[in-house]
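Quick notes on the structure that follows.
The values are calculated or read from the model by the stated rules, or taken from the named source; none is laboratory data. All values reported here derive from a predicted model rather than from experimental measurement. So basically every Cβ, Gly included, is an ideal-geometry build from the backbone, and we count neighbours across all protein chains shown. Calculation scope for accessible area: heavy atoms of the full protein, side chains included, ligands and nucleic acids excluded. Shrake-Rupley method; radii C 1.70, N 1.55, O 1.52, S 1.80 Å.
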Amino acid sequence: MDAITMNLLKEVADLDALPTGAYNLRANGKGAGRNTTANIDIVTKEDKPGIDIIIKPGTKKESVHIPVIISETGLKDLVYNDFYIGEDADVVIIAGCGIHNCGGSLSQHDGIHTFHVGKNAKLRYVEKHYGEGDGLGKQVMNPTTVVYLEEGAVMEMETTQIAGIDDTIRTTKGEIKAGGSLVVKEKIMTTGDQKAITNFEVDLNGEGSAANLISRSVAKDHSRQEFNSDIRGNAPCAGHSECDAIIMDQGWVGASPKLTAAHIDAALIHEAAIGKIAGEQLDKLMTLGLSREEAEEQIINGFLS
Amino acid sequence: MLEIKHLSYKVEDGSEILQDINLTIQERFVAITGPNGGGKSTLAKLIAGLYEPTEGQILFDGNDITHMSITERARLGISYAFQQPVRLKGLKVSDMLRLAAGKEKKNVDYCGYLSEVGLCAKDYINREINASLSGGELKRIEIAMALARSTQLTIFDEPEAGIDLWSFQNLIHVFEKMYEETRGSIMIISHQERILNIADRIIVLKDGHLAQSGSRDEVLPELLGTTKEACDILLGKMGGTK
Ligand SMILES: Nc1ncnc2c1ncn2[C@@H]1O[C@H](COP(=O)(O)OP(=O)(O)OP(=O)(O)O)[C@@H](O)[C@H]1O
Ligand SMILES: [Mg+2]
């Protein structure tokens, strides 16, 4: 692996070397390494780009890494990854996409990830998006995540985009059966002229199903962010979404939360707060000897931690 | 040493919150008291740089700090423990103590600072400074931060408020320890007679004026005397915090 690939791997997957356990590394639109285990199989799709990741029922304490690296300028990459998590499994999947764009053309990665999480299975899914580049070419990523949770399945998804992505539309859709629970934690920071749009749609279809969406974002400079969510309660269920945003400079944040209740026992709540960093927070840190800039940095790092 | 000359603070609507305050402070423990709304916190904020005075001058160890930023004053050695501590989502108790102790300090004695204020370090060190902390816990952490800073001048704005079960003796011990370490001045804004009792000097602010200033022996008997006014000053607030 070259230095650029290593650095991108470090950023998106916190890896210093190829991971242990199951993994699939995709670099510049092609497979660049794969490992499977007794319980986890990874199969290349034949009809379109992408892979199927199949985890046997009852698999415990295993992880799958599926980093995607783009370092050629002007590359447009589209993949379909399907995940089949067997009943009662308890696993972690770490996905990440890093773009290093030194050229003058647009580099783009669009991933469509579909999760089929079996009965009573537990999945933690961590996704990190990172872009870097010294050229004028834009970095674009449009991740789509589709989640099907069977009875009693639990999925926690953490998604982070802290730097370098010029344009992003992230879409997450979920259908949740009885006793299933989906938690999504999203952290976004945009700078410069970046644009980020989040679309979140979930159908709570079974008794006792639950969804919790927590979004924390910071919009700096002239960047723009849009947050759209629709939680639909079609059964006795609990839905909660929370959108907390800090705007700085000429940043712009729009939040359009929607709740739809189609059952009398659907309990749906949305909270949203958008504003600049509170003056008293800056004052407090400055009384500890921090400059205004250092204080802002600490507050933002804490907020997005 | 802190010198305050002809200090006034007016707000936009024209009302004068503080008028022509003159003070020189070099004692170890200075207590500032007076009725609610008298201007105590405003004076503290003017000294720490949260507000800028409309008139007058503030000198700290001979430096004119009147127009310095909060940061510059903090770096010169002024600390201010807020009356109402600020909550900071995502920042932990350990982060705040580390920031308070400063970059130069390598091994921050988190446990030491927290146990000084009666908190068990292992229960609090990783807690976020958010709405989950109780008012009294926040207040203690605010004091622990001042301890970690340990500067030439520390202003505590009603440190005892909201702290119920913690023995008063411990709070006095915190002040004494801080004095041992800094040999600086400790200004305590308080309505508590027990705090006024340890002060070398007592200052009374009332309606934005310096109503009284002198040694404990001069001021305290008068404050505790039979005049109705003195009773209001002390008991008015004490009743509220019981
Ligand atoms: N920005 C402002 N605009 C208008 N009035 C203000 C402003 N800031 C302070 N005041 C007023 O100035 C007065 C002094 O306030 P300050 O907070 O200094 O009182 P204090 O002596 O600390 O009172 P307490 O014992 O209740 O803490 C109060 O009447 C307050 O309402
Ligand atoms: Mg006050």
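Solvent exposure of the protein assembly as shown amounts to 43 Å² per residue of accessible area, where only protein heavy atoms count and the probe is 1.4 Å.
Close amide H contacts of residue A:260 (hydrogens built in the peptide plane, cut-off under 5 Å, sequence separation of 5 or more or a different chain): A:231, A:232, A:233.
Once the GluC sites (Glu not before Pro) in DSSP loops with at most 15 neighbouring Cβ atoms within 10 Å are cut out of chain B, the longest remaining piece is B:105-242. Helix B:135-149 and the longest principal axis of the Cα set of chain B meet at an angle near 90°.
Per atom type, chain B shows carbon and sulfur on 46% of its accessible surface, probed at 1.4 Å. Hey, can you list the residues from region A:238-253 whose accessible area shrinks by 10 Å² or more with all protein chains present, relative to the chain by itself (probe 1.4 Å, no ligands or nucleic acids)? In region A:238-253, residues shielded by partner chains: A:244. For region A:21-91, applying the loop criterion from DSSP together with a ceiling of 16 other beta carbons within 10 Å to the trypsin sites (Lys or Arg not before Pro) yields A:45.
Looking at region A:125-231, which GluC sites (Glu not before Pro) are in a loop (DSSP not H, G, I, E or B) and have at most 15 other Cβ atoms within 10 Å? Answer by residue number: A:207. Comparing the full protein assembly with the isolated chain, the residues of region B:96-116 losing at least 20 square angstrom of accessible surface (1.4 Å probe) are B:96, B:99, B:103. When the Gaussian network model of chain A links Cα atoms closer than 10 Å, the mean-square fluctuations of A:209, A:223, A:291 top out at A:291.
Apply the a/c threshold of 1.5 to the C-alpha gyration tensor of region A:3-279 and tell me whether it is rounded, prolate or oblate. Oblate, since a/c reaches 1.5 and b/c is not below a/b. Its relative contact order, with pairs defined as Cα atoms under 8 Å and 6+ residues apart, puts region A:3-279 at 11 percent. Residue A:293 sits among other residues whose Cβ lies under 13 Å from its own Cβ, and their net charge, with Lys and Arg +1 and Asp and Glu -1, is -2. Take every Cα pair under 8 Å whose residues are at least 6 apart in sequence, average their separation, divide by the length of region A:237-305, and the relative contact order is 34 percent. When only alpha carbons of chain B are considered, Rg and Dmax amount to 17.6, 53 Å. Measuring nothing but protein heavy atoms, the accessible surface of region A:59-206 at 1.4 Å probe radius is 49 percent carbon and sulfur. Averaging the sequence gap over all C-alpha pairs within less than 8 Å and six or more residues apart, then dividing by the number of residues, gives chain B a relative contact order of 26 percent.
Output the 0 to 90 degree angle, nearest 10, between the alpha-carbon long axis of helix B:168-182 and the longest principal axis computed from the alpha carbons of chain B. That works out to roughly 90 degrees. Can you give me the Cα centroid spacing of region A:39-79 and region B:119-179 in angstrom? So the separation of the two Cα centres works out to 51 Å. Averaging Cα coordinates gives a centre for region A:218-270 and one for region A:103-131; these two points are 21 Å apart.
Estimated at the nearest 10 Å², the accessible area of residue A:270 is 50 Å² with a 1.4 Å probe. Mind checking Rg over Rh on the protein assembly as shown, alpha carbons, Kirkwood formula for Rh? Result: Rg/Rh = 1.09. Which shape class, rounded, prolate or oblate, goes with region A:1-109 when its Cα gyration tensor gives a ≥ b ≥ c as root eigenvalues, a/c under 1.5 marks rounded, and past that a/b bigger than b/c marks prolate? It is prolate, given that a/c is not under 1.5 and a/b is the larger ratio. Between chain A and chain B, the total buried accessible area stands at approximately 1800 Å², from heavy atoms with a 1.4 Å probe. Dividing the summed -39500 (n - 2.57) terms of all DSSP H runs of n ≥ 4 by the residue count of the protein assembly as shown sets its mean residue ellipticity at 222 nm at -6500 deg cm²/dmol. Of A:267, A:278, A:235, the residue with the greatest mean-square motion in the GNM of chain A, using alpha carbon springs below 10 Å, is A:278.
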